Structures are given as C-alpha cells and as structure tokens.
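Please read the structure below before turning to the comments.
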Amino acid sequence: FDPTLGSLTLVALAAKTASPTFLAFSPDKKMLIAANEIDNYVASGADAGAAAGEKTGSVSSFKVDGASLTYVNTVSAHGASTCHVAVDQSGTAVFAANYTGGSAASFRLGADGRLSPAVSQFHYKGHGPVADRQDSPHAHRVTVSPDNRFVFVNDLGLDCLHIYHLDWAAGALTPATPPELKLAPASGPRALRFHPIGPWVYCVNELNSTIDVFGWKQTTGQFTALQRLELLPEGFKGVARASELVFDRSGLFGYAAVRDNNFVATLMVHPLTGKLTLADRCDCGGKTPRHIALDPSEKWLLVANQDSDVISAIQRDATSGKLGSTAVNMKIAKPQCLLFA
C-alpha cells in the first residue's frame with residue numbers, strides 16, 4: 001500500500017484456504033487466523049476436531065512471514081458458515097462465530113501456531129421477528145473485551161449479545177450472569193467495537209442500519225444503553241444493511257459502512273459521553289461495502305466492496321475526519337476483509 005497515492009499493488013498469493021471471509025492477527029502479528037465460511041468440511045489426518053462428513057465450517061492458522069503465509073493447521077468450527085474469527089489479547093485463545101450453524105466456539109492457540117480442537121462450543125436456539133433473516137440463530141461476530149476478561153457474541157438472528165467469562169490460559173468460555181443482552185427486536189446485531197480510549201462500546205445493527213452506543217463498566221462487564229443512532233437518510237425506503245464500524249486512534253472519529261445504499265458515514269464521537277453525531281455520508285467507491293479499515297497513516301479509509309470486485313481507498317483529513325469525494329480503486333474478486341500487517 002502506498003500511503004502517498006492511496007494505491008494498492010498486488011505482491012503475491014500469500015496462501016490458499018477454503019472461502020476465507022474473515023481474518024484476524026495474533027497481537028504480535030506473527031500468526032494469522034482465517035474463518036473458512038464453508039458448510040461441508042471433512043478433516044484430513046493432520047487436522048483436528050471434526051468427524052468425517054460433519055456439516056461445519058472451519059478455522060485455519062498460518063505463520064506470517066512478510067507477504068508469505070505458512071500453513072499450520074485447520075480445525076472444525078463445529079457450525080456451518082464460519083463467518084468471523086477473533087484472537088484474545090494474550091494471543092493464546094481463538095474464537096469463531098458460525099452464521100448458519102448459529103453457534104460459537106473457542107480454541108487454544110499454541111506457541112507453535114497450532115489450533116487445538118474446540119475447548120468450548122455453544123449452540124443457540126430460537127428465532128427473531130424477521131422471517132427471512134431471523135428464522136434461526138445467526139452468530140455473526142466474536143469480540144474480546146480490552147481487559148481480556150469477557151467475550152461477546154453478536155447474534156443477528158436472536159437480536160442479542162451472548163456474554164461469556166474468558167479463561168484465556170485455557171481458551172475456555174463460561175456463560176456470564178446474565179448470559180445475554182437483548183437488543184431491539186428486528187435490529188440484527190452484526191458487529192461490536194470497543195472505543196479505543198473511553199469506556200464505551202458500539203454495536204452495529206444490520207437489519208435496521210443503526211448503531212447502539214453503550215457505557216461499559218470494566219469491573220463487571222455491564223453495558224448501559226446511552227444512544228441509538230440512525231445511519232440511513234431521513235425518509236429512506238428500501239433495503240440497507242449496515243456492516244462495519246472503525247474508529248481512528250484519537251477516538252474522535254468513526255466510520256460506518258452501509259451496504260445496498262452503498263455509503264460510508266462519518267461519525268463524530270463526543271469525548272466526554274461517547275455519543276455519536278452523524279457528520280456526513282459519502283459514496284463507498286463500489287457496491288456492498290462488507291468491511292472497512294484505516295491505513296496506518298490514517299490518511300485513507302479502505303473499503304472492501306464485495307459486489308463490485310474492488311477495494312476502494314478514500315482519502316481522509318486527519319484533522320476534520322472528513323472523507324474525500326473520490327476513491328483510488330484496485331480490482332480484486334469478492335474482497336471480504338482488510339488487515340494491515
């Protein structure tokens with residue numbers, strides 16, 4: 001990536017793995033974990049944790065060596081359509097969310113980079129009010145608290161966050177009390193993001209394109225509702241699916257992507273309350289912005305536009321937080337997830 005021009009140049013094919021729709025680094029960036037969003041995984045002799053013919057997605061581990069990735073192993077995620085992975089703050093525990101499987105699992109990550117078979121797994125039951133999107137549980141994201149004590153699973157199908165205590169040394173999860181936080185019916189919680197500085201946490205809701213803002217009490221892990229922000233223009237009619245949220249290092253600005261309407265919203269963060277103000281909307285540079293990321297210089301916001309086969313880099317003013325009106329594009333098939341090494 002060239003931060004002067006905002007341009008991307010293809011270096012190499014780093015690795016091959018089955019449908020890697022989400023990626024996560026270990027804290028030291030020496031390991032890369034991939035969610036393999038598949039439904040029919042059959043373990044080989046070298047792989048762990050799946051019975052022959054099990055209908056499940058999987059999680060793969062790679063060692064990072066510059067632009068190259070060295071495959072380590074793959075394990076069963078114990079649920080179909082594994083759509084998200086995360087690594088804890090110590091780099092010893094890995095988590096997976098299984099969308100179609102409606103489940104979540106945790107694993108140990110060894111010093112050699114090998115993933116263990118699942119240490120914990122949870123299979124959810126029920127449905128939400130939106131018949132075509134919430135016919136069953138849909139675990140969509142796993143988020144570890146900054147203090148490494150709690151793990152939260154966004155369930156788009158059940159309109160809730162499942163809450164767990166984390167034993168990071170064992171890679172094990174146990175349900176908290178209460179075990180879940182209910183959100184608005186038909187909201188479809190998709191993504192969770194902790195503020196980089198303040199005691200706040202933000203939940204992006206896919207089905208109604210809103211962001212719920214919560215106060216977060218570190219000692220208990222308790223959330224307190226502070227605000228619900230509407231991302232769509234007033235009077236908008238039609239389908240729109242919010243997908244992702246990122247903050248800059250200062251914590252003063254955030255950016256939220258919305259699919260179908262295909263825009264990125266610039267958000268101002270109140271430094272005392274954590275509440276959001278929607279400052280602007282700009283075109284995302286393509287169709288279906290599935291994921292977004294700020295480059296290390298924070299001069300560019302990169303957008304993975306899944307359905308137009310393009311990664312767009314949108315220039316950013318670090319002082320005002322404002323995004324530019326034009327994007328630098330790179331063609332790539334079905335971009336899903338963006339990480340800077």
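Summary table below
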| item | result |
| --- | --- |
| For Gly157: the one exception among (1) without any contact (Cβ under 8 Å) to a residue 60 or more places away in the chain; (2) assigned to a loop (DSSP other than H, G, I, E, B); (3) surrounded by fewer than 19 Cβ atoms within 10 Å (Cβ to Cβ) | (3) |
| Scope the stretch 291-309; condition part of a loop (DSSP other than H, G, I, E, B) and not acidic (Asp, Glu); matching residues | Pro296, Ser297, Lys299 |
| Pairs, first farther than 17 Å from His195 by Cβ and at pLDDT 95 or above in the stretch 207-221, second open to solvent by 10 Å² or more (accessible area, probe 1.4 Å) and of a type in the set (S, T, N, Q), C-beta under 9 Å, six or more apart | Ser209/Asn261 |
| Enumeration of residues in the stretch 147-196 that are touching a Pro at 6+ places or on another chain (Cβ under 7 Å) and of a type in the set (D, E, K, R) | Asp155, Asp159 |
| Yes/no for Val303 being β-branched (Val, Ile, Thr), at pLDDT 95 or above and in contact with a Gly (Cβ under 6 Å, 6 or more places away or on another chain) | yes |
| Residue within the stretch 310-329 that is among the aliphatic types (A, V, I, L, M), open to solvent by 40 Å² or more (accessible area, probe 1.4 Å), touching a strand residue (DSSP E or B) at 6+ places or on another chain (Cβ under 8 Å) and in a loop (DSSP other than H, G, I, E, B) present | no |
| Condition check for Gln336: in a strand (DSSP E or B), open to solvent by 10 Å² or more (accessible area, probe 1.4 Å) and at pLDDT 95 or above | no |
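A quick yes/no check of all residues on (1) among the aromatic types (Phe, Trp, Tyr); (2) assigned to a strand (DSSP E or B); (3) open to solvent by 10 Å² or more (accessible area, probe 1.4 Å); (4) touching a Phe, Trp or Tyr at 6+ places or on another chain (Cβ under 8 Å):
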| site | (1), (2), (3), (4) |
| --- | --- |
| Val64 | no, yes, yes, yes |
| Phe95 | yes, yes, no, yes |
| Phe107 | yes, yes, no, yes |
| Gly113 | no, no, no, yes |
| Val130 | no, no, yes, no |
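Residue by residue, here is whether (1) within 30 Å of Ala225 (Cα to Cα); (2) hydroxyl-bearing (Ser, Thr, Tyr); (3) more than 19 Å from the chain's Cα centre (by Cα) holds:
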residue	(1), (2), (3)
Asp248	yes, no, no
His270	yes, no, yes
Val303	yes, no, no
Met330	no, no, yes
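The values are calculated or read from the model by the stated rules, or taken from the named source; none is laboratory data. All figures in this text were calculated on a predicted structure; none of them were measured in a lab. Here the Cβ is made from the backbone with ideal geometry for all residues, glycine too, and neighbour counts use every protein chain on show. Areas reflect the complete protein model, heavy atoms only, side chains present, ligands, DNA and RNA absent. Shrake-Rupley method; radii C 1.70, N 1.55, O 1.52, S 1.80 Å.
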